[in-house]
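K.L.:
If you scroll down you'll find the structure; I have some questions about it.
The values are calculated or read from the model by the stated rules, or taken from the named source; none is laboratory data. Predicted, not measured: the structure shown is a model, and the values here were computed from it. Here Cβ is always computed from backbone atoms with ideal geometry, including for glycine, and neighbour counts include all displayed protein chains. Ligands, DNA and RNA are stripped out before the accessible areas are found, and what is left, the full protein with its side chains, is counted by its heavy atoms. Shrake-Rupley method; radii C 1.70, N 1.55, O 1.52, S 1.80 Å.
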Amino acid sequence: MCVWFEFLSGTLTAASNSSNTQEKKGNKRENKAHWWAVKIWLNQKSLDSYISFIIESSDDTGIDLRITEKLFRAFLSKNIFLVLQCNGFTQALNHYGIDTFNDVFNLDESWDNNVSEIDRITTFTDSIEYIGNMEIGKLHDIYNSSDIQKRLQNNYDFASKAIQDSTFYN
């Protein structure tokens with residue numbers, strides 16, 4: 001299994017347990033240009049949001065785990081996120097050190113291991129409704145809690161390192 005990080009025009013490759021995965025490299029100047037492009041690219045709506053609901057591309061086989069600009073936007077905007085992708089995606093994110101927020105959405109950790117795509121979609125849409133019915137004050141308190149802020153910072157640091165680290169780029 002390999003996790004691919006697609007970002008703007010480049011593809012970032014993360015760690016893999018497959019011995020045939022090649023590391024992609026680029027020059028540091030290009031990486032800094034990408035970093036500034038990211039900062040400019042983030043729009044005000046993402047920065048002003050508490051939560052991002054993300055639907056990632058997937059062939060739903062459990063081996064096509066992709067982290068695209070949509071998830072990077074949540075990391076860099078410090079948004080709590082819920083992502084719908086192939087089964088096992090949340091577990092894969094956790095494996096690579098990315099904090100997820102199933103607890104905020106009142107979800108059992110096993111929700112994204114469900115093989116049924118329909119069941120995962122239903123759970124995802126139910127979570128949108130759960131947050132939509134939440135009082136804004138409660139959401140504000142959740143977002144500003146020290147635990148959530150620590151996890152958001154961890155994801156921000158992960159994304160920042162991935163963007164700046166030349167071993168992630170081709």
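K.L.:
With all protein chains present, how much of the accessible area of region 57-163 (probe radius 1.4 Å) comes from carbon and sulfur, to the nearest whole percent? Can you show the working numbers first?
P.N.:
Working: 2510 of 5090 Å².
After summing per-atom areas, the C and S share lands at 49 percent.
K.L.:
For region 70-170, state which GluC sites (Glu not before Pro) are in a DSSP loop and have at most 11 other beta carbons lying within 10 Å of their beta carbon.
P.N.:
Filter output for region 70-170: E135.
K.L.:
Can you tell me the order of 73-85, 150-162 when each peptide is scored by its average per-residue count of other Cβ atoms within 10 angstrom, highest first? All intermediate terms of the calculation are to be shown ahead of the outcome.
P.N.:
Values: 73-85: 22.2, 150-162: 16.5.
Packing proxy ranking, top to bottom: 73-85, 150-162.
K.L.:
Can you list residues whose amide H is under 5 Å from F81's amide H, if they're 5+ apart or on another chain and H is modeled 1.01 Å from N?
P.N.:
Counting only residues 5 or more places away or on other chains, the set is S52, F101.
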